[in-house]
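The values are calculated or read from the model by the stated rules, or taken from the named source; none is laboratory data. Everything numeric here is computed off the predicted structure, so don't read it as measured data. Because the Cβ atoms are built from the backbone with ideal geometry, glycine has one as well, and the counts that use them run over all protein chains shown.
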Amino acid sequence: MKNSKVTVALLALAVAGAAAAQPAQNTLGSSSSTVAPQQQRQQAEAGPAPVNAAGRVVLQGADPSDKGTWTPVFGILDPITPYEEIPFQPWSKALYDYRQTRELEPHTRCKASGTARQFLTPYGVEFVELPELGQIIIFDIGGPHTFRIIYMDGREHPSDWQNTYYGHSVGRWEGNTLVVDSVGFTEQFWLDRRGMPHTDQLHTIEHFTRKDKNTIEYRITLDDPGAYTKTFDGGFNLRWNQGEELFEYVCQQANYAIELMVGGGASSVDRSSTIVP
């Protein structure tokens, strides 16, 4: 009997140890995820999307006192399009596969990231509409702490643009959906946190549809004949975080990403290559 009790105790310890050793599951956006009480209240209180004086939906708060930020309802390490549906060219697939074990993402070195990658951070973004300037500005809260301008004044893309991280974006409203057309991207960022590559031929169309107070449906169409065999779509939802605001963030401060780039006790990824993709 004594031996049986010892055996049961050892089995219980083994099971507990195995459970503790399991990696944390990224359940952001999952219906089964654990949600903080504040977020549960926020979701329960979801009402209609705020509108401006003309009755059109806005992507910020209803007024200056209604503050908040947007974060992804999505596993931020998930691809924005299922892997098997991405129409890779051979070289872009090889590079994507390479990046799965060599996470040398420029964002971890405080570089700005355009298109969908801009929204895939735990800190989120803030939209500010400036009708007097004919602009909508998207502020990044963490990471490089930069901003992206969407021109709403009816202009076209310039013929001699300089490639940048955010590209050149022009927008228009189609009902309550903001449609943004962007070109002129540098190749020096990833399209998402999984490492989707692109070339300077990338052309994107983004749709931001505010479904209610707490939800933006984000959809993106990507056309890059330099990296993919055809146009394809991706997307996810964004969640409103009531009461949150921009805060000071210095990307170099306490930046532990060096361990992701060159190895260390916190990293198990192979760092034998010195090439930065």
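Give region 222-265 a look and list any residue that's outside any strand (DSSP E or B), surrounded by 12 or more Cβ atoms within 10 Å (Cβ to Cβ) and either acidic (Asp, Glu) or at pLDDT 95 or above (or both), or say none. Once the filter is applied, which keeps residues that are outside any strand (DSSP E or B), surrounded by 12 or more Cβ atoms within 10 Å (Cβ to Cβ) and either acidic (Asp, Glu) or at pLDDT 95 or above (or both), region 222-265 yields Asp224, Pro225, Gly226, Ala227, Thr229, Thr231, Glu244, Glu259. When region 182-202 is filtered for residues that are free of Cβ contacts under 8 Å to residues at least 40 places away in the same chain and surrounded by fewer than 18 Cβ atoms within 10 Å (Cβ to Cβ), the ones remaining, listed by number, are Glu187, Thr199, Asp200, Gln201. Screening region 166-195 for residues that are assigned to a strand (DSSP E or B) and of a type in the set (Asp, Glu) and picking the one that is nearest to the chain's Cα centre (by Cα) gives Asp181.
The set of residues in region 92-133 being of a type in the set (Phe, Trp, Tyr), surrounded by fewer than 20 Cβ atoms within 10 Å (Cβ to Cβ) and closer than 23 Å to Ser182 by Cβ consists of Tyr123 alone. When the residues of region 153-165 are filtered to those that are touching a Phe, Trp or Tyr at 6+ places or on another chain (Cβ under 8 Å) and assigned to a loop (DSSP other than H, G, I, E, B), the one that is surrounded by the fewest Cβ atoms within 10 Å (Cβ to Cβ) is Asn163. The residues of region 140-152 that are among the hydrophobic types (A, V, I, L, M, F, W, C), surrounded by fewer than 17 Cβ atoms within 10 Å (Cβ to Cβ) and at pLDDT below 95 amount to a single one, Phe147. When restricted to residues that are assigned to a strand (DSSP E or B) and of a type in the set (Val, Ile, Thr), region 54-85 contains 4.
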